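The values are calculated or read from the model by the stated rules, or taken from the named source; none is laboratory data. A quick note: this is a predicted structure, and the numbers were derived from the prediction, not measured. So basically every Cβ, Gly included, is an ideal-geometry build from the backbone, and we count neighbours across all protein chains shown. Note: areas computed on protein heavy atoms with side chains; ligands, DNA, RNA excluded. Shrake-Rupley method; radii C 1.70, N 1.55, O 1.52, S 1.80 Å.
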Amino acid sequence: MKILSVNAGSSSLKFTLFEMPEEKELISGVFERIGLKESFYTIKIDGEKNKKDAELPDHKKAFELLMKELKDNKIIDDYSEIKGIGHRIVQGGAYFDKSVLATPENVDIVSKLSSLAPLHNPAAVVGIKAAQAVVPDAVQTLVFDTAFHQTMPEVNYMYAVPYEWYTKYSVRRYGAHGTSHKYVSLKANEILGRKDTKLITCHIGNGASISAVKDGLCVNTSMGLTPNAGLMMGSRCGDIDASIVAYISECENLSAAEINTKLNKESGFLGISGVSSDARDIEDGIAKGDERCILAQNMYVKKIVDYISMYYVEMGGCDAIIFTAGLGENSVLLRKQVLEKLSCLGVKLDEERNNVRGKQTLITADNSKIPVYIIPTNEELMIATDTYNLTK
Ligand code: AMP
């Protein structure tokens with residue numbers, strides 16, 4: 001059965017088509033600069049990438065071109081072969097604890113949650129409507145980044161702010177990257193050969209979050225009401241003293257929205273190093289002895305270690321730690337620095353095993369008290385799996 005996994009942004013549309021349940025990736029790609037000048041798209045089949053310029057006035061045109069590419073490349077003969085389309089939704093609030101069908105009622109809730117994800121939810125709704133218009137017979141589903149975190153207990157999702165902020169404005173922790181945390185925790189349980197596990201899953205990319213996953217269910221996660229909580233990140237500050245906002249507002253005569261932009265776009269690696277939000281540039285800076293790059297890295301490592309140790313205590317131990325996403329899968333240095341700081345928990349790094357990028361690997365020694373794995377994430381496949389199960 002052919003299942004399409006879709007991630008629509010305001011001016012982009014990423015997709016991967018799978019043959020399910022075989023989990024075979026048939027084609028993937030991305031349409032970029034939708035609604036803008038000089039739009040184009042890239043497709044990848046059998047590892048071969050092809051970039052094409054195309055006028056993309058809207059997401060519907062992108063879907064039409066995608067379907068044409070599928071036919072031209074003989075991946076399908078007819079649109080009706082696409083049985084399911086799964087849409088990534090960043091914010092499902094407290095409404096969705098699992099993937100659901102894209103009924104008008106459910107899509108309406110996604111729209112109404114836009115105030116909690118203004119950059120993402122409206123774009124996803126545009127993507128859903130475009131897909132429904134072009135491939136009306138496919139089952140359309142909604143797969144939420146927040147759903148996996150809905151099993152968190154109240155004590156972990158509540159903030160110590162006036163209670164009415166929760167009842168009136170839904171202020172609470174929702175988490176993010178849930179599809180990734182779910183995917184790697186399922187894979188880790190497969191590796192460990194059991195489901196009654198205590199896992200700490202570290203999704204360390206440009207955006208980064210860590211989750212505590214017990215018996216397959218999320219019990220805590222570092223991201224909050226928005227994806228700017230917990231760890232420091234590429235350009236996001238993560239957890240800070242909330243009073244900084246009012247203080248800087250006075251010092252610099254900035255609005256809350258302006259400060260929010262600085263906390264999201266000019267902080268983290270970028271803010272501290274003054275060099276870049278990209279970890280590779282930070283690593284280059286460290287190699288050259290740049291003090292602020294070294295400080296940025298040390299702060300990042302410390303935050304990751306803080307969360308791992310917090311969740312270790314919270315779950316009363318840990319059966320495995322998982323690293324995934326851009327840095328988690330690829331940064332040999334970051335993993336080494338984090339694992340060295342976890343030696344008091346009996347974690348023993350194996351430098352040779354750790355010298356790997358983007359591959360499922362055990363990176364600790366055989367006598368490490370906690371095994372640590374790299375498990376490359378695959379959010380697209382997770383979306384396709386949920387969509388396949390709902391379509392069946
Ligand atoms: P993501 O958001 O998951 O795509 O991750 C992006 C981050 O991963 C960026 O900060 C990249 O610099 C980082 N990254 C990717 N490849 C490497 C690498 N080989 N070494 C260090 N960091 C990397």
Quiz item: Volume per residue, Å³, of the convex hull around the alpha-carbon atoms of the range 22-158?
Solution: 135
Practice problem: Report the dimensions of the range 48-123 along its three principal axes from the alpha-carbon atoms, largest first, rounded to Å. | Solution: 42, 26, 23
Quiz item: Hey, how many Å between the Cα centroid of the range 279-352 and the Cα centroid of the range 366-392?
Solution: 21
Exercise. Enter the accessible area per residue of the range 1-88 (Å², integer; probe 1.4 Å; all protein chains in place).
Key: 52
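Relative to the present Cα-Cα distance, how much length would full extension add between Asp58 and Leu101 at 0.36 nm per residue of separation?
Details: separation 43, 0.36 × 43 = 15.48 nm, distance 2.37 nm.
Here the segment from Asp58 to Leu101 would lengthen by 13.1 nm.
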Exercise. Note the full-extension length gain between Asp366 and Ala287 as 0.36 nm times their separation in residues minus their Cα-Cα distance, in nm to one decimal.
Key: 25.4 nm
Quiz item: Roughly what % of Cα-Cα distances in the range 1-60 sit above 14 Å, to the whole percent?
Solution: 56
Quiz prompt | For the range 101-163, the fraction of alpha-carbon pairs in successive 10 Å shells from zero, as % | solution = 18, 41, 27, 10, 3
Quiz prompt | Enclosed volume per residue, in Å³, of the convex hull spanned by Cα atoms of the range 184-322 | solution = 114
Practice problem: Can you pull a Stokes-Einstein diffusion coefficient for the range 123-223 at 4 °C (1.567 mPa s), Rh from Kirkwood over Cα pairs, as a whole number of µm²/s? | Solution: 84
Self-check item: For the chain, the Rg and Dmax computed from alpha carbons only, in angstrom
Solution: 21.3, 63
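Stick to the Cα atoms of the range 156-215, pair each with every other, and give me the Kirkwood hydrodynamic radius in Å at one decimal.
On the way: mean 1/r = 0.0751 Å⁻¹.
By the Kirkwood definition, the hydrodynamic radius is 13.3 Å.
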Quiz item: Quick one: if the Förster radius is 45 Å, what FRET efficiency do Met310 and Thr42 give, using the C-beta to C-beta distance and rounding to 0.05?
Solution: 0.65
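Report the calculated FRET efficiency for Glu164 and Ala242 (r = Cβ-Cβ distance, R0 = 22 Å), to the nearest 0.05.
Numbers: r = 17 Å, r/R0 = 0.78.
Efficiency for this residue pair is about 0.80.
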Exercise. Under a 10 Å cutoff between Cα atoms, tell me which one of Ile210, Ile370, Ile259 has the largest fluctuation in the Gaussian network model of the chain.
Key: Ile259
Quiz prompt | Solvent-accessible heavy-atom area per residue, rounded to whole Å², over the range 171-263 at 1.4 Å | solution = 41
Exercise. Pop out the ³J(HN,Hα) list for the range 244-255 in order, Karplus 6.51 cos²θ - 1.76 cosθ + 1.60 with θ = phi - 60°, rounded to Hz; leave Gly and Pro as x.
Key: 4, 4, 5, 5, 5, 4, 6, 4, 10, 6, 10, 7
Quiz item: Which one of Asp239, Asp46, Asp58 has the biggest mean-square fluctuation once the chain is modelled by GNM with Cα springs under 10 Å?
Solution: Asp46
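Could you check how much of the accessible area of the chain is carbon and sulfur, as a whole percent, using a 1.4 Å probe? List each step's numbers first, then the result.
Working: 9250 of 18500 Å².
Answer for the chain: carbon and sulfur cover 50 percent of the accessible area.
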Quiz prompt | Inter-label distance for Lys51 and Ser115, nm, one decimal - labels placed 7 Å from Cα along Cα-to-Cβ | solution = 4.1
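Report the far tail of the P(r) of the range 247-392, meaning the percent of Cα-Cα pairs longer than 26 Å. Walk me through the numbers on the way to the answer.
Working: 4398 of 10585 pairs.
Every Cα pair in the range 247-392 considered, those over 26 Å come to 42 percent.
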Exercise. Compute the length gained on full extension between Asn298 and Val356: take 0.36 nm times their separation in residues and subtract their Cα-Cα distance, giving the result in nm to one decimal.
Key: 18.7 nm
Quiz item: Translational D (Stokes-Einstein, µm²/s) of the range 202-270 at 25 °C and 0.890 mPa s when Rh comes from the Kirkwood sum over C-alpha pairs?
Solution: 190
